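Enquirer: I am attaching a structure below and will ask some questions about it afterwards.
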Amino acid sequence: MYKAPDRYKRLISARLPGGESAGLASRAPEGESSPLRDVQLISRAQLAPFFAAANIIAALMMVASLWGFKEATWLLPWAVAVGAVNLGAMHLARTQSITHVGRSGHRVPNWLMVGEVAVRAVVWLSLPLYLFPSLDPSQQVIAASIMAGLGIGALGLVVVPPCVTAWMIAFTAGVGGALLIGRNSVPFQHMLSIIFTLGVAIFGVLAVARWAFHQLKTNADVGSQSESASLLLQEYEQRGVGWLWAVDGENRVTYISSRMSTLLGRPGGQLLGHSLPALLGGNAELGRVLLERQPFNSLEMELDTPRGSRWISIAGDPIIDTAGRFEGFRGVGSDITEIRQTQERLTHLANVDVLSGLPNRGRVRQLLGEALRGATTSSVPCAIMFLDLDGFKPVNDTFGHPKGDAVLRAVAKRLVDEVGPDGHVGRMGGDEFAIVITDAQSRKQVEMLAERIINSIKESYLIDQTEIRIGVSIGAAFGPIDGATVDDLILKADLALYQAKDAGRGCARYFSSELQSEQEDRVRLESDLRAAVASKQFHLAFQPLINAKTQKLIGFEALIRWNHAQRGFVPPNVFIPVAEESGLMPVIGEWVIEEACKAAASWPEPITVALNISPKQILPALPNIVSEALSRCKLAANRIELEVTEGVFLGDNGSTLDVLKRLRALGVGIALDDFGTGYSSIGYLNKAVFHKLKIDGSFVREAGTRPENVAIIQSIVQLAKSFRMSVTAEGVETAEDFERMRDLGCDTIQGYLFGKPLAYDRANQMVVGLGAKRLAG
């Protein structure tokens, strides 16, 4: 059987760096040797001489007691047979203890060992039982006593309980049979003595057998665990997974693996007897945990070695002897340098934006938290700036994402150059950046930094021979003045950025209590808007559309209006952006479509109704909504006109264009509103989607004083005619405006000259009046 080397026995209870026990228990497969059976065979061979001697001596005593009373021809052959059987059995036990143990040994079946014991019992009992009836009472007492006494010889079999049981059954039966034969001749007191002797032998031997078997099993289990653990620890060292160590009660090294001595650059012999904390660079934490004499795990430390700086992790358990005395520590260790480097790389990746190399959103929050804590303790305020690039999306849409990414990297570099050591620049995602300023005691310096950043970002970028220009809007908040927590401060900076966007972009705004009030009012407005949607507080107003040549009414533009109980009239340019941001626009838009269709259905055929569609309504479901409203109102599709602005092309152009084409396929008219004031959408005019262009009122009103506006309008009209589209001029307020637009080729006129937005009843009167004129004509 394998015997673990002493150096590994001392380390059997050591734990691996993860904290697992190094000890293992195993069970041998059926038919193969096991540690318990090995120990049984070895112990059986060791006790075999005692058992054989007990049998032979008892046989000689029996011969001696019967000599002279029985023929030698009976006694001597029997004695020789007992001696031969027992000596042969002893030799067999010794042989099996060599050939049937260990990993290559085959299991000795229980029936074979029990059978061998039974044969020895039968051979021994054969002559006494055969001669017992012919013996006189005194000889019967002697023979029964020897048989009862030999029962105690089963102590030589205690390591194999089934053999003990078989021996005791055989001799109990033998003695019982003999006493039964001599029940009339053996004195009762002698019979009791013999029975008592046999009973003590039975119970005593069986008790010893149980105890001995338990001890053997425990030792076998411990031996198996020790062997497995020793093999594992050998493997642990040899494969370079880690190294082993042990110290005495004074923390002096008593054992250390060669792998560790190689790491330290010194022979193992030179390390023995030295203080372990001193060998490992005088690590204070290691010294502390060793002094506590408690198990420890995953203690990491940095070492200066001949190979440079290395990181190791060690774990250990105190060694306590059976008397409870502390004798030192044993444990394991491993080189975790590569693991630490990998963790640092992963941490870096988790905290850094890959595109720009700047701290990412999560890291910016950490930096702001640190700055805020510092500001709270030092009374020196910090600041957070949120930056949003103006006009960056068209860069991506026009030049592609590779050039867009190049612009973002250039912006990141300019920001880092401008901020320098005064703060931390991070990228929040997309075209949003943030700057954490740890010392914002001088508000003037923060404002000057924002101004420098705005001027720097708006300078042109030359990317692959392409000149690109963008801008930036900035919102800032100061901590802990404006917010005592990271989330609060971020919210305040975001509000300031929102205000900067509203102010026309390319500027910086700073959080104030007024801004907070505006935000709170916006929240209340959103709540009121949700209530208005639920209770249908809206109504439509209708502005006339006039044929430029005949000056006759041809339709209306439906405009949504909201009269709030407390706020009064709320302008559309106030509540529509809130509705779009809060996700209410599709619901409101569906209501407008339904009401516009109802109004158009109540008027005669020539009258059309135009209505505005928000970009937030351009969803795949919109054509179905329009189609169902037309069906419910039994209205021809060509009597409804949907107006969209150029802003719809800032989103998913493919999806937007598909929705517009589906609407056009229904027969609904689609007009491009405010043409020329937004993003370039000329490329979409040839997609056979639009049937009308609407010229923004700002061009119309200024055409009388700005000749260039006249040229722009002429170009728009020519462009529309080339695509077979009609043209509507908005914002016509004077007769001169009307004549100018008519002469420039506009087909439809809309403006205060011909009517302001009217309630349905007033609009209906105009339609009725038009019908009366036609009938009179």
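The values are calculated or read from the model by the stated rules, or taken from the named source; none is laboratory data. For clarity, every value in this text was computed on a predicted model and none was experimentally measured. Quick reminder, even Gly has a Cβ in these numbers, built from the backbone with ideal geometry, and neighbours come from all protein chains shown. Surface areas here come from the heavy atoms of the whole protein model, side chains and all, with no ligands, DNA or RNA. Shrake-Rupley method; radii C 1.70, N 1.55, O 1.52, S 1.80 Å.
Enquirer: Explain nothing, just the number: relative contact order of the chain, from Cα pairs under 8 Å at least 6 residues apart, as a whole percent.
Expert: 7
Enquirer: Can you tell me which aspartates and glutamates have their Cα less than 12 Å from the Cα of residue 501? Leave out same-chain residues fewer than eight positions away.
Expert: Hits, sequence-local ones excluded: 388, 390.
Enquirer: In deg cm²/dmol, rounded to 500, what helix-only [θ] at 222 nm does the chain give when every DSSP H run of at least 4 residues adds -39500 (n - 2.57) and the total is split over its residues?
Expert: -17500 deg cm²/dmol
Enquirer: Let me ask something else about it. Using a 1.4 angstrom probe, figure out how much accessible area the range 266-346 has per residue, in square angstrom, rounded to the nearest whole.
Expert: Here the per-residue accessible area is 55 Å².
Enquirer: Same structure again: Accessible area, 1.4 Å probe, largest first: how do 498, 461, 510 sort?
Expert: I get 498, 510, 461, largest accessible area first.
Enquirer: Can you tell me the 0 to 90 degree angle between the C-alpha axis of helix 735-744 and the longest principal axis of the chain, rounded to 10?
Expert: Relative to the chain, helix 735-744 is tipped by roughly 70 degrees.
Enquirer: Considering only the chain, what is the antiparallel percent among its DSSP beta bridges, to the nearest 5?
Expert: If we restrict to bridges inside the chain, about 70 percent are antiparallel.
Enquirer: Here's a follow-up. Report the gain in length on full extension from residue 657 to residue 95: 0.36 nm times residue separation, minus Cα-Cα distance, nm rounded to one decimal.
Expert: Taking 0.36 nm per residue and subtracting the Cα distance, the gain is 192.8 nm.
Enquirer: Another question, if that's okay. In terms of solvent-accessible area of protein heavy atoms at a 1.4 angstrom probe, what is the ranking of 723, 69, 542, highest value first?
Expert: Per-residue accessible area, sorted high to low, gives 69, 723, 542.
Enquirer: Follow-up. Choose one of 326, 357, 298: the residue whose Cα lies farthest towards the positive end of the charge dipole of the range 291-370 (beta-carbon charges +1 Lys, Arg; -1 Asp, Glu; about the Cα centre).
Expert: 357
Enquirer: With all protein chains present, calculate the accessible area of residue 463 using a 1.4 Å probe and round the result to the nearest 10 Å².
Expert: 20
Enquirer: Now, a different point. With a 1.4 Å probe and all protein chains kept in place, how do 397, 482, 743, 136 rank by accessible area, largest first?
Expert: Sorted by accessible area, descending: 743, 397, 136, 482.
Enquirer: Next question, about the same structure. What is the set of long-range amide H partners of residue 545 at a cut-off below 5 Å, with H atoms built 1.01 Å from backbone N?
Expert: Close amide H contacts, sequence-distant or interchain: 554, 555, 556, 557.
Enquirer: Accessible surface of residue 354 in the full protein assembly, 1.4 angstrom probe, to the nearest 10 Å²?
Expert: Answer for residue 354: close to 130 Å² accessible.
Enquirer: Using 1/(1 + (r/R0)^6) with R0 = 25 angstrom and r between the beta carbons of residue 320 and residue 298, what's the FRET efficiency to the nearest 0.05?
Expert: 0.70
Enquirer: Taking a probe of 1.4 angstrom, what is the accessible area of residue 417 in Å², to the nearest 10?
Expert: 100
Enquirer: Additional query: For Cα Rg over 2.2 N^0.38 Å, pick the label among (i) 1.97; (ii) 1.16; (iii) 1.88 that corresponds to the value derived from the coordinates.
Expert: Entry (iii).
Enquirer: Please identify every one of the GluC sites (Glu not before Pro) in the range 542-622 that sits in a loop by DSSP and has no more than 13 other beta carbons within 10 Å of its own beta carbon.
Expert: none
Enquirer: Step through the table entries 403/661; 634/756; 413/458; 403/692; 634/661; 634/721, compare each Cα-Cα distance with 24 Å, and write down the pairs that go over it.
Expert: From 403/661; 634/756; 413/458; 403/692; 634/661; 634/721, over 24 Å: 403/661; 634/756; 403/692; 634/721.
Enquirer: Oh, and also: With a cut-off of at most 11 other beta carbons within 10 Å, and DSSP calling the residue loop, which GluC sites (Glu not before Pro) in the range 451-498 qualify? Please list them.
Expert: Here the sparse-neighbourhood loop sites are 459.
Enquirer: While we're here: Between the range 320-339 and the range 417-471, what's the alpha-carbon centroid distance in Å?
Expert: 55
Enquirer: Okay, moving on. Which whole-number percent gives the relative contact order of the range 49-202, counting Cα pairs below 8 Å spaced six or more residues apart?
Expert: 28
Enquirer: Of the peptides 438-447, 407-416, 143-152, how do they stack up when ordered by the mean number of other Cβ atoms within 10 Å, highest first?
Expert: 143-152, 407-416, 438-447
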